[in-house]
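Any read-out appearing in this document is the output of simple, stated calculations on the displayed coordinates, not a laboratory observation. As the structure is a computational prediction, the values presented were derived from the model and not from experiment. All Cβ positions, glycine included, derive from the backbone under ideal geometry; neighbour counts span all protein chains shown.
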Amino acid sequence: MFTDQRLTEAYTGARVELFDENSRYVFFSDAHRGDNSLSDEFARNQNTFLSALDYYYNEGFTFVETGDGEELWEHSKFKHIRFAHSDVYDMLKKFHDDNRMILLYGNHNMYLKDQAYLQHNLYHFFDEYNEEDCELFEGLTAHEALLLKHKDTGQEILALHGHQGDFMNDQMWRFSMLSLRYFWRFMHMIGFRNPASPAKNVHKMHKIERNYNKWIYKHRMMLICGHTHRPKFPKHGELPYFNSGCGVHTKGVTGIEIVNNTVMLVEWRIRTDQHGLLRVERQVLRGPQFVSKYDLKKYQFNEVV
């Protein structure tokens, strides 16, 4: 299948949310939470991610995980991931309990599209210390895409992981999963890169992003993705393609915020203050810009600047 067809299918079946000037959303993708072993790249950013979650929970945000939150290709059992990052899942449970968590699946956690898998693995977990079953994300449903629709203007914003149409990570995801689990996972640990991954293959990354832009141009809609691991905020005159980046970068965690009808690209990272103390800080990298600026159905393309 081509990217246009897959993205359009995701748009058609997307979960729809209405938003306005009082809405607050944060989009994180590609955390790739693992089992805290040597191949778990998220482990170094766990405290940074926790600080970000704490901030967004207290500020009233809805948390949108835009795919690949769990690294289920490398680690087949979710219980090992939850145990390794129990503090993160305790924080995510607070969002879920307040009905402020939206889960989108990506290629690396494609299993989550199966409601039976979700019910068996994510609804409850076994607390080995107290020797009892505890509730985690009971009633949770994973979606392929989220469609934000403005209450007043009708402007639509599509958010999804972005693997749609990437042949090896979409139609052939099971083959790619097996090759990563039993080969590339170990090769990666000694410095080799998986050529099937857009995050490790610049040529493939640019090809995927060009396909995103073709879809945006054709369907005249703002798009928020992950998948490539490269944070993106459109420059002056560019089409409204946004990418939340990833949670496994050595410098920290990036994400997209929508607040008060504006959108911005943010980064969370550990910095040293004037006293030599390490602090987790949030920095706005790009924006804010009004989302209405990217309403391509309202403006001509040459007016979107």
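Worth a mention:
- Here Q155 fits the description: more than 23 Å from F49 (Cα to Cα) and surrounded by 18 or more Cβ atoms within 10 Å (Cβ to Cβ).
- Selection from the stretch 108-152 of residues that are aliphatic (A, V, I, L, M), within 26 Å of L7 (Cα to Cα) and either surrounded by 12 or more Cβ atoms within 10 Å (Cβ to Cβ) or in contact (Cβ under 8 Å) with a residue 40 or more places away in the chain (or both): M110, L112, L118, L140, A142, A145, L146, L147, L148
- Taking the stretch 13-115 and the strands (runs of 3 or more DSSP E) fully enclosed by it, the elements with 1 or more residues that are more than 18 Å from the chain's Cα centre (by Cα) are at 15-19.
- Enumeration of residues in the stretch 248-292 that are in contact with an Asp or Glu (Cβ under 6 Å, 6 or more places away or on another chain) and over 16 Å from T48 (Cα atoms): N260, N261, M264, L285
- Filtered residues of the stretch 207-231 (kept if in a loop (DSSP other than H, G, I, E, B) and closer than 20 Å to D68 by Cα): G226, H227, T228, H229, R230, P231
- The stretch 232-292 holds strands (runs of 3 or more DSSP E) entirely within its bounds, and those carrying 3 or more residues that are farther than 19 Å from I208 by Cβ and out of contact with any helix residue (DSSP H, G or I) (no Cβ under 8 Å at 6 or more places or on another chain) map to 262-272, 278-290.
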